1. Net charge near residue 130, counting Lys/Arg +1 and Asp/Glu -1 over other residues with Cβ under 12 Å of its Cβ?
2. Using a 1.4 Å probe on the protein chains only, how many percent of the accessible area of the chain belongs to carbon and sulfur?
3. Between residue 156 and residue 23, what is 0.36 nm times their sequence separation minus the Cα-Cα distance? Round to one decimal in nm.
4. Is it possible to state the helix-based mean residue ellipticity at 222 nm for the chain, with each DSSP H run of 4+ residues giving -39500 (n - 2.57), the sum divided by total residues, to the nearest 500 deg cm²/dmol? What is it?
5. Per residue, how much accessible surface does region 1-52 expose to a 1.4 Å probe? Answer in Å², no decimals.
6. Where a Cα-Cα gap under 28 Å defines reach, which lysines qualify for residue 187, not counting those fewer than 8 residues away within the same chain?
7. Kirkwood hydrodynamic radius for region 98-155: how many Å is it when counted over pairs of different Cα atoms?
8. I'd like to check one number: the per residue accessible area of region 88-182, probe 1.4 Å, reported in Å² as a whole number.
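The values are calculated or read from the model by the stated rules, or taken from the named source; none is laboratory data. Keep in mind that this is a model prediction, so the values were computed, not measured. When we count neighbours, we look across all protein chains shown, and the Cβ atoms used for this are built from the backbone with ideal geometry, even at glycine. Side chains included, ligands, DNA and RNA excluded: accessible areas come from the protein's heavy atoms. Shrake-Rupley method; radii C 1.70, N 1.55, O 1.52, S 1.80 Å.
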Amino acid sequence: MTLGERIKKYRKENVITEKEFANVLGVPIEFLKKVEAGELSIEAPAILDKLKKLIGDIPEPTLNGKTAEEILDGIFGSKVEDNVNSPKHYQIPGVNIESIDIIKVILGDKFIAFCVGNSLKYIIRAEKKNGKEDYEKAKVYLKWAQEEFNKHNILLNLKTANDISAALGVDWLDIISEICQKMSFKKALLLHNVFGYIFNSNYEDAVKTIDRILIM
């Protein structure tokens, strides 16, 4: 039974309309209809978490007992594309380099700021978009930032939480509360610590703390 079929079955058994269920998930009713019809899949971790609480565990789709990754491995004889460490869409065929190699050269000693900025982007969006993959991407950028610091002793003059609040006119606690919506208290506290480490250029401890988040 597909996920869409399970959702529809759950709605019917519990006498819940499409509109009511869409409101519970926080999605447009048109989106729910397409999911139930098998025309769209759900990838957002936040929505999947809501579904798990309602209809139970959502197993990965399989074909004859094999996952999509296992099937592709059998066809191509290699692992599926690594979207974290070496995304295929950033590779430049024929010259054995990636876009990040060009960016490093162009930015020079400013590359560390680029890494920190990207790590913050992935951390902020993780719970609303790609979950674990975004946290893993943030770790990659933080490790690159740490490598740059170790090589060149570049210490960024990063703004503090108070500076951010003053510049944006929004209290930092309100910002972090929105980022940590629906997290457990412990997970939210760890994420708050991640930001603190980054603001203090302590990228190594930021990575270690993200690892703690990922095992929760």
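1. Cβ neighbours under 12 Å give a net charge of +1.
2. Percent of accessible area from carbon and sulfur atoms in the chain: 55.
3. Length gained, residue 156 through residue 23: 43.5 nm.
4. Mean residue ellipticity at 222 nm (helix-derived): -19000 deg cm²/dmol.
5. 63 Å²
6. Counting by Cα, and skipping residues close in sequence, residue 187 has these lysines nearby: 50, 52, 53, 121, 128, 129, 132, 137, 139, 143, 159, 208.
7. 11.7 Å
8. 63 Å²
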